[in-house]
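Participant: One structure, pasted below without further comment.
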Amino acid sequence: MQAAAPAVGSLSLVQPLPATELLFTLAIGGAVFRRRPNRTTWLSFPAPAAGLAPFLAAAAPSAGRTTAEQARRIPVATAVRCLVLALPGASRLVRGAPRAAVPGLASAVLFAATAALQKEMTGRFPQGPAASAAGWTPYAT
């Protein structure tokens, strides 16, 4: 479902939704393992919603394009590659608990890149399965 969702919605609307799965994972995990989340965990539940609400308001999701502009692909790919390669080294400069956030940021950038590639691939669905498979995006994803 997560891979097919970009085909029917804008990337800025669909991509943040998986962040809410943390809430469901903790609730279902608590029921399955018969352990109630502690007070800190319960208090952290509103954090993803509080972060997503202003993002979605600022992003103002709209229909947009089904595929990316050709001229933007190489600069964006270069920026993503440089950022993801630099972040592990940068994590050595951070001490304490925040140090885990730096590789987490690299992971988030890669998840966003994967979502953009999925959106590109699903944008070709109307042209048929061969058009989607013939492009480079399924293989890059």
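Participant: Give a residue-ordered list of calculated ³J(HN,Hα) values for region 90-100 (Karplus: 6.51 cos²θ - 1.76 cosθ + 1.60, θ = phi - 60°; whole Hz; x for Gly, Pro).
Facilitator: 5, 5, 6, 8, 9, 10, x, 4, x, 4, 5
Participant: Let me ask something else. By how many nm would the segment from Ala53 to Trp136 lengthen if fully extended, with 0.36 nm per residue of separation less the alpha-carbon distance?
Facilitator: Working: separation 83, 0.36 × 83 = 29.88 nm, distance 3.34 nm.
Contour length minus Cα-Cα distance gives 26.5 nm.
Participant: Okay, next question. Spelling out what I want: for every residue of region 117-127, take phi, set θ = phi - 60°, compute 6.51 cos²θ - 1.76 cosθ + 1.60 (Karplus), and round to whole Hz; glycine and proline get x.
Facilitator: So the J values, rounded to whole Hz, are 5, 5, 4, 4, 5, 6, x, 9, 4, x, 7.
Participant: Separate question: Taking θ = phi - 60°, what integer Hz values does the Karplus form 6.51 cos²θ - 1.76 cosθ + 1.60 yield along region 132-141, in sequence order, with x for Gly and Pro?
Facilitator: Per residue, the Karplus-derived 3J(HN,Hα) values read 5, 6, 6, x, 8, 5, x, 7, 5, 5 Hz.
Participant: Hey, with R₀ at 30 Å, roughly what FRET efficiency would Ala77 and Ala31 work out to, going by the Cβ-Cβ distance, to 0.05? Kindly include the intermediate steps, with their values, before the conclusion.
Facilitator: Details: r = 42 Å, r/R0 = 1.39.
After rounding to 0.05, the efficiency reads 0.10.
Participant: Using a simple spin-label model with points 7 Å from Cα along the Cα→Cβ vector, what separation in nm is obtained for Val94 and Thr114?
Facilitator: About 2.0 nm, to one decimal.
Computed from the coordinates by the stated procedures, all read-outs in this text should not be read as laboratory data. Every value quoted in this text rests on a predicted model; they were computed, and no experiment measured them. Here the Cβ is made from the backbone with ideal geometry for all residues, glycine too, and neighbour counts use every protein chain on show.
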